[in-house]
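As structure tokens, the structure follows; a few thoughts come after it.
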Amino acid sequence: MYAPRLRLDRMKHVILPGLINSHTHTGMTLMRGKADDEPLSKWLQETVWPIEMAFVASDGFCEDGAMLAVAEMVRGGVTTFCDMYWFPEAAARVALQTGMRAVLGMIIIGFPSAYAGSIDEYLSKGASMMEEHANETRLHFAYAPHAPYTVPDDAWMRIKNLSDSSGLRIHTHLHETRDECAASASLNRDSMSCHQSEHAMRPIANFHRMGLLNKRLIAAHMTQLTDEEIALCAEFRVNIAHCASSNAKLASGFCPIHKLLDAGVNVALGTDSAASNNSLDLFAEMKMAALVAKNVAGDATVVPAAVALRMATLNGAIALGIDDVTGSLQAGKAGDLICVAMDTHAGNSPVFDVRSALVYAASRTDVTDVFVEGAHLVKDSSFERIDEADLVRRAQSWAERINEKFPTAGASVPGVFEA
Ligand SMILES: [Zn+2]
């Protein structure tokens, strides 16, 4: 007979599969709020890249950023995150220490950085990280070439071949902005968003040409899509990580998720980084995704609450290729689940329909318990494994160092990450 190790009374709660953040950059959490209300190119060139150039290789920067991100996510009901950042072994250590499930991106970018000097070195460092953690059941891996405008075609082809033989996902930014598509189609090299290809075409067409469109592709953003490109995504079963808040904050545009879902495309949800969102809150993303979709479609019936909930759970697991272990509450899966209080305070009662209550009224602070692989990581809304006071002190100390070096958010330098 089955004897439970733990018995919990959660009489006013909904038990859900843990939420899945399908696109984020945990290390950037230390830049939360450093520069807001700026267009993407200025924000990247004058704030994000210079700060990364100065700090990512510093001892503890990526690890403290990842810890801050994981603490925020896990207490808000996120049990899996799909990460892309420098020194991914830092996020791996944090995931192991905190008990989180992670899909760690083996970052690849077409120029030298503090992390690696060549495509060969990016690939070999990623491979070593994967090898080191090959037996960890909560750590999963994906190739994470940053974007078409930072990775050249020959590197894409190598990554495609590696993915074809290993079966690992390829996680990248794609069609984030109008300029990325227009500059690539006309090969306008004056634009930082022009893809690193000799072919004058939109990046997704170039991906098609190179054989990169398949169910192993996780394409973040996709705000610019024609009907033909949506059909292509459906035909090749491309996964989309929709980042509604980040796109809205940077005025990048709107991913037409109602059309994608109609076409049968798997759409998951991502927060993007805390530097462009500014929170790693999947409850907020569910609501935002549903509301934005209704307005883009001009139709209040599209993306109902149940669909938003599925995008934040099972669709995320499918996108990341880990739906055999997480994403739904099912015998045989790993026990990644959360308890969400309902009908317990003025802001979450009454409850007529649980799915609507979760998506439109609940907030992440209603999450009381979080389990990953059966381990109780958040209990009665408190961390079991994270010293939050110490973490907040470390984050403040990084903020002081960043502000000291970049009091007015930096001059333009050639650079690096995120988009
Ligand atoms: Zn991103």
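Scanning the range 278-287 for residues that are within 16 Å of the ligand (Cβ to nearest atom) and surrounded by fewer than 24 Cβ atoms within 10 Å (Cβ to Cβ) yields Asn278, Ser279. Residue count for the range 123-147, restricted to those that are in contact (Cβ under 8 Å) with a residue 40 or more places away in the chain and open to solvent by 40 Å² or more (accessible area, probe 1.4 Å): 3.
The condition of being modelled with pLDDT of 95 or more and either surrounded by 19 or more Cβ atoms within 10 Å (Cβ to Cβ) or in a strand (DSSP E or B) (or both) holds for Val370. Screening the range 213-231 for residues that are over 26 Å from Pro39 (Cα atoms) and open to solvent by 30 Å² or more (accessible area, probe 1.4 Å) and picking the one that is nearest to the ligand (Cβ to nearest atom) gives Arg216. Could you grab me the full set of residues in the range 232-260 that are of a type in the set (S, T, N, Q) and either in a helix (DSSP H, G or I) or over 13 Å from the mean Cα position of the chain (by Cα) (or both)? Answer for the range 232-260, where residues must be of a type in the set (S, T, N, Q) and either in a helix (DSSP H, G or I) or over 13 Å from the mean Cα position of the chain (by Cα) (or both): Ser245, Ser246, Asn247, Ser252.
The residues in the range 150-183 that are in a loop (DSSP other than H, G, I, E, B) and within 13 Å of the ligand (Cβ to nearest atom) can be counted, and the count is 4. Summed over the range 328-353, the residues that are closer than 19 Å to Asn315 by Cβ, open to solvent by less than 40 Å² (accessible area, probe 1.4 Å) and in contact with a strand residue (DSSP E or B) (Cβ under 6 Å, 6 or more places away or on another chain) give a count of 4. In the range 70-98, which residue that is free of Cβ contacts under 8 Å to residues at least 60 places away in the same chain and open to solvent by 10 Å² or more (accessible area, probe 1.4 Å) is farthest from the ligand (Cβ to nearest atom)? Among them, the one singled out is Leu96.
Among the residues of the range 23-44, those identified as of a type in the set (Ser, Thr, Tyr) and either in contact with a Phe, Trp or Tyr (Cβ under 9 Å, 6 or more places away or on another chain) or farther than 20 Å from Met84 by Cβ (or both) are Thr24, Thr26. For Ser191, are the conditions met, namely being open to solvent by less than 20 Å² (accessible area, probe 1.4 Å) and either part of a strand (DSSP E or B) or free of Cβ contacts under 8 Å to residues at least 60 places away in the same chain (or both)? Judged against the criteria, Ser191 is a match. Checked across the range 203-212, the condition of being assigned to a helix (DSSP H, G or I), more than 16 Å from the ligand (Cβ to nearest atom), over 18 Å from Asp164 (Cα atoms) and open to solvent by 10 Å² or more (accessible area, probe 1.4 Å) holds for at least one residue. Within the range 309-333, the set of residues being in contact (Cβ under 8 Å) with a residue 40 or more places away in the chain, out of contact with any Lys or Arg (no Cβ under 7 Å at 6 or more places or on another chain) and aliphatic (A, V, I, L, M) comprises Met311, Ala312, Leu314, Ala317, Ile318, Ala319, Ile322, Leu329. Per the listing Asn239, Asn266, the residue uniquely within 16 Å of the ligand (Cβ to nearest atom) and either acidic (Asp, Glu) or at pLDDT 95 or above (or both) is Asn239. Before we move on, is Ser273 within 30 Å of Lys34 (Cα to Cα), among the hydroxyl-bearing types (Ser, Thr, Tyr) and buried (at least 23 other Cβ atoms within 10 Å of the Cβ)? Considered against the rule, which asks whether it is within 30 Å of Lys34 (Cα to Cα), among the hydroxyl-bearing types (Ser, Thr, Tyr) and buried (at least 23 other Cβ atoms within 10 Å of the Cβ), Ser273 comes out as yes.
Among all residues of the range 290-309, there is at least one that is surrounded by fewer than 24 Cβ atoms within 10 Å (Cβ to Cβ), within 28 Å of Arg101 (Cα to Cα) and in contact with an Asp or Glu (Cβ under 8 Å, 6 or more places away or on another chain).
With respect to being more than 16 Å from the ligand (Cβ to nearest atom), open to solvent by less than 10 Å² (accessible area, probe 1.4 Å), part of a loop (DSSP other than H, G, I, E, B) and of a type in the set (S, T, N, Q), Ser197 fits the description.
The values are calculated or read from the model by the stated rules, or taken from the named source; none is laboratory data. Because the structure is a prediction, the values reported are computed rather than measured. No Cβ is skipped: glycine too gets one built from the backbone with ideal geometry, and neighbour counts run over all protein chains shown. What goes into the accessible areas is simple: the full protein's heavy atoms, side chains included, and nothing from ligands, DNA or RNA. Shrake-Rupley method; radii C 1.70, N 1.55, O 1.52, S 1.80 Å.
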